[in-house]
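Down below is the structure, laid out as structure tokens.
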Amino acid sequence: MERGPGFGKTIVVVNDSPELLELAELLLTDEDYDVKVALAGRGALDLIRTTRPDLIVLDIRLPDVSGWDILQALKLDPNTSSIPVLVCSAAVQELRSLEGQLSRMGVDVLIKPFAIDTLLDKVRILIGSDG
Amino acid sequence: MADVNQILIVEDNDDLRTLLRDVLVDAGFEVVAVANGAEALEIVRHSRPSAIVLDLMMPVMDGPSFLRERRRTPALASVPVLVLTAHPFHHRVLDGLSPTAVLRKPYDVDELVAAVQALCDGETGRGQVC
């Protein structure tokens, strides 16, 4: 049986929507990624530290902790600073104003609402499994 | 031996507070870290740090309230303050509060250390000056 592009790669998805987490898990697992999910900000950092994923898909608007604070903690921690991050948000202006800054730090953005193919393409590129 | 610069970190997020402290200690600063503006005021009653690294959104006493108190306190008014914020409209929030510099999240370790060092050196050219 042919292996998908995600074989051997782990992704942590942080989002406060159970429906979106379920969908992301379904889509990414179908591509053979090993997917771990965090339903809120608290606990996400611990999950990332223990999992050491190849990619983090992080929603910025979370009810308990700011996604920016999670991203900031990831970038200050030498154990996680080099993990690529895909930031998801509907705040187009906010994301655009940070585009250069984020790109320099190895962070890509996914503006909501997004097409499934856009998510999968960005994941493949960031995780280095597009070839 | 040169004096070590003492930095007061004011950040309510436990993870960030610990990481900020570790980064600045590794960079050679002496660091005291507290969780809100009220605790920071208590610290500066007894000692005068070289610079303050301040989060904006905090419980008990947030960043803007601390900056207002700083302006009313002569001993504190001259201590440079670096505000760390993800707020896209921080200029509006900080209007009239005169922090020495602003660093917008997300920033990397080098940017943070350079901005703090610049404050200690009496420069305001690094980070985004208000």
> Once every DSSP H run of n ≥ 4 in the protein assembly as shown is given -39500 (n - 2.57) and the sum is divided by its residues, what mean residue ellipticity at 222 nm do you get, rounded to the nearest 500 deg cm²/dmol?
Replying inline: -11500 deg cm²/dmol
>> Below 12 angstrom from the Cβ of residue B:88, what's the summed charge of the other residues (Lys, Arg +1; Asp, Glu -1)?
In response: +3
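What percent antiparallel are the DSSP beta bridges of chain B, to the nearest 5?
Working: 1 of 18 bridges.
Bridges in chain B that DSSP calls antiparallel: roughly 5 percent.
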>> What does the charge count around residue B:45 come to, taking other residues whose C-beta lies under 15 Å from its C-beta (Lys +1, Arg +1, Asp -1, Glu -1)?
In response: 0
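Among A:77-88, B:51-62, what's the highest-first ranking by average C-beta atoms within 10 angstrom per residue?
So the order, starting with the most tightly packed, is B:51-62, A:77-88.
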>> Can you give the local net charge around residue B:62? Use residues other than it whose beta-carbon is closer than 12 angstrom to its beta-carbon, Lys and Arg +1, Asp and Glu -1.
In response: -3
> How high is the relative contact order of chain A, in percent, counting Cα pairs under 8 Å that sit 6 or more residues apart?
Replying inline: 23 percent
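Would you mind telling me the antiparallel percentage of the DSSP bridges in the protein assembly as shown, rounded to 5?
Working: 1 of 36 bridges.
Looking only at bridges with both residues in the protein assembly as shown, the antiparallel portion is about 5 percent.
Read-outs throughout are calculated quantities, based only on the coordinates presented, and are distinct from any laboratory measurement. Nothing here was measured: the structure is a model prediction, and the numbers come from that model. Glycine gets a Cβ as well: all are built from the backbone with ideal geometry, and neighbour counts include every protein chain shown.
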